[in-house]
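Written below as C-alpha coordinates is the structure these notes are about.
The values are calculated or read from the model by the stated rules, or taken from the named source; none is laboratory data. This structure is a prediction, so every number in the text was calculated from the model and none was measured. Note that each Cβ is placed from the backbone with ideal geometry, even for glycine, and that neighbours are counted across all protein chains shown.
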Amino acid sequence: MARYFFDIEDGELRCDDTGSEYADLDEVRHAAMRILPDIARFESADGDRHTFSVVVRDADRRPVFVTTLALTGLWLVDRP
(Lines give C-alpha, C1' and ligand atoms only; values in the text may rest on other atoms or scores of the structure.)
Protein backbone atom coordinates (compact mmCIF):
# COMPACT_ATOMS: atom_id res chain seq x y z
CA MET A 1 0.00 0.00 0.00
CA ALA A 2 1.19 3.48 -0.82
CA ARG A 3 0.49 6.76 0.98
CA TYR A 4 -1.39 9.57 -0.78
CA PHE A 5 -2.18 13.09 0.36
CA PHE A 6 -5.52 14.77 -0.43
CA ASP A 7 -5.27 18.56 -0.62
CA ILE A 8 -8.56 20.48 -0.70
CA GLU A 9 -9.11 23.74 -2.56
CA ASP A 10 -12.36 25.57 -1.83
CA GLY A 11 -11.33 29.18 -1.95
CA GLU A 12 -8.37 28.40 0.26
CA LEU A 13 -5.87 25.57 0.04
CA ARG A 14 -5.86 23.03 2.86
CA CYS A 15 -2.92 20.65 2.59
CA ASP A 16 -3.13 17.11 3.90
CA ASP A 17 0.00 16.49 5.96
CA THR A 18 -1.04 13.04 7.20
CA GLY A 19 -2.15 11.17 4.10
CA SER A 20 -3.90 7.83 3.75
CA GLU A 21 -2.84 4.48 2.36
CA TYR A 22 -4.41 2.94 -0.73
CA ALA A 23 -3.73 -0.25 -2.65
CA ASP A 24 -3.86 1.30 -6.12
CA LEU A 25 -4.66 4.40 -8.15
CA ASP A 26 -8.25 3.29 -8.77
CA GLU A 27 -8.89 3.44 -5.02
CA VAL A 28 -7.23 6.86 -4.89
CA ARG A 29 -9.48 8.16 -7.68
CA HIS A 30 -12.60 6.76 -6.01
CA ALA A 31 -11.71 8.27 -2.63
CA ALA A 32 -10.97 11.70 -4.11
CA MET A 33 -14.24 11.83 -6.04
CA ARG A 34 -16.26 10.51 -3.11
CA ILE A 35 -15.19 13.28 -0.71
CA LEU A 36 -16.12 16.20 -2.99
CA PRO A 37 -19.89 16.10 -2.32
CA ASP A 38 -19.22 16.00 1.43
CA ILE A 39 -16.98 19.05 1.16
CA ALA A 40 -19.67 20.90 -0.81
CA ARG A 41 -22.42 19.83 1.59
CA PHE A 42 -20.68 21.22 4.66
CA GLU A 43 -19.17 24.31 3.08
CA SER A 44 -21.05 27.44 4.13
CA ALA A 45 -19.81 29.86 1.49
CA ASP A 46 -21.98 32.72 0.25
CA GLY A 47 -23.01 33.19 -3.34
CA ASP A 48 -24.30 30.98 -6.11
CA ARG A 49 -21.05 29.75 -7.65
CA HIS A 50 -18.61 27.46 -5.92
CA THR A 51 -15.77 25.26 -7.09
CA PHE A 52 -14.25 22.54 -4.95
CA SER A 53 -11.15 20.56 -5.93
CA VAL A 54 -9.13 17.72 -4.50
CA VAL A 55 -5.52 17.36 -5.62
CA VAL A 56 -3.99 14.01 -4.71
CA ARG A 57 -0.23 13.80 -4.19
CA ASP A 58 1.86 10.66 -3.93
CA ALA A 59 4.42 9.83 -1.23
CA ASP A 60 6.98 12.00 -3.06
CA ARG A 61 4.43 14.85 -2.91
CA ARG A 62 3.95 14.88 -6.71
CA PRO A 63 0.39 15.51 -7.95
CA VAL A 64 -1.12 12.34 -9.43
CA PHE A 65 -4.86 13.11 -9.71
CA VAL A 66 -7.20 16.08 -9.50
CA THR A 67 -10.97 16.18 -9.42
CA THR A 68 -13.24 19.24 -9.35
CA LEU A 69 -16.88 19.83 -8.49
CA ALA A 70 -18.58 23.03 -9.62
CA LEU A 71 -21.88 24.12 -8.08
CA THR A 72 -23.91 26.86 -9.69
CA GLY A 73 -27.23 28.23 -8.52
CA LEU A 74 -29.42 30.33 -10.80
CA TRP A 75 -32.72 31.96 -9.82
CA LEU A 76 -35.46 31.37 -12.41
CA VAL A 77 -37.88 33.86 -10.83
CA ASP A 78 -37.63 37.49 -9.81
CA ARG A 79 -36.70 37.89 -6.18
CA PRO A 80 -38.00 40.77 -4.09
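Given the criteria at pLDDT 95 or above and in a helix (DSSP H, G or I), does ASP7 qualify? It would help to see each step written out before you state the result.
Working: at pLDDT 95 or above: yes; in a helix (DSSP H, G or I): no.
Criteria not met by ASP7.
Checked against (1) part of a helix (DSSP H, G or I); (2) surrounded by fewer than 16 Cβ atoms within 10 Å (Cβ to Cβ), ALA59 passes all but condition (1). Residues that are aromatic (Phe, Trp, Tyr), at pLDDT 95 or above and over 12 Å from the mean Cα position of the chain (by Cα) are absent from segment 54-65 altogether. Select from segment 19-36 the residues that are touching a residue at least 12 places away in the same chain (Cβ under 8 Å) and part of a loop (DSSP other than H, G, I, E, B) and write down the one among them that is surrounded by the fewest Cβ atoms within 10 Å (Cβ to Cβ). It comes out as ALA23. Only a single item in (1) touching an Asp or Glu at 6+ places or on another chain (Cβ under 7 Å); (2) in a strand (DSSP E or B); (3) of a type in the set (A, V, I, L, M, F, W, C) is not met by ILE39, and it is number (2).
Look at segment 57-80: where a residue is under 15 Å from TYR22 (Cβ atoms) and a partner is charged (D, E, K, R) and surrounded by 11 or more Cβ atoms within 10 Å (Cβ to Cβ), sitting 6+ places away or on another chain with Cβ atoms under 6 Å, you get ALA59/ARG3; VAL64/ASP58; PHE65/ARG29.
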